[in-house]
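Quick notes on the structure that follows.
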Amino acid sequence: MRTRQCKAIGTATCFTVQPIRIEVENAVIGTQTGRTLTTIDELDNFARMDGFDDWKAMRAFWHENHPDTPVFSGVLIRWTNFKEAPTP
């Protein structure tokens, strides 16, 4: 919410935050729990939960927007109880 044009889409409750590593070229996603996602079904499911159609679409987005960053290390934030903001 850094600009006046920004509008809230809703509210939600954060229920987990965990480190994550995504190796785009190697098609590997590693989580803090020690779980590694490598099958196309696991990668597609992860991509869908992040708003993409599938892993292929997520990978294409990454290549287009972050061409010099083949590995992402950051945090995975999971939300629950999303409530859409009222329309003005």
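The values are calculated or read from the model by the stated rules, or taken from the named source; none is laboratory data. Being a predicted model, the structure only gives us computed values, none of them experimental. Heads up, the Cβs are rebuilt from the backbone with ideal geometry, glycines too, and the neighbour counts pull from every protein chain shown. For accessibility, only protein heavy atoms count, side chains too; no ligands or nucleic acids. Shrake-Rupley method; radii C 1.70, N 1.55, O 1.52, S 1.80 Å.
Points worth noting:
- Out of Trp62, Trp55, Trp79, one residue alone is touching a helix residue (DSSP H, G or I) at 6+ places or on another chain (Cβ under 6 Å) and of a type in the set (Phe, Trp, Tyr). It is Trp55.
- Single residue of Thr87, Thr69 found to be under 19 Å from Asn26 (Cα atoms) and among the polar types (S, T, N, Q): Thr69
- In segment 50-88, residue most open to solvent (accessible area, probe 1.4 Å) [restricted to those that are among the basic types (Lys, Arg) and farther than 19 Å from Thr11 by Cβ]: Lys56
- Filtered residues of segment 20-49 (kept if under 11 Å from the mean Cα position of the chain (by Cα) and loosely packed, with under 12 Cβ neighbours inside 10 Å): Met49
- Within segment 19-57, the set of residues being of a type in the set (Lys, Arg) and in contact (Cβ under 8 Å) with a residue 12 or more places away in the chain comprises Arg21 only.
- Within segment 20-53, the set of residues being in a loop (DSSP other than H, G, I, E, B) and at negative phi comprises Val24, Glu25, Asn26, Gln32, Thr33, Arg35, Thr38, Thr39, Asp50, Phe52, Asp53.
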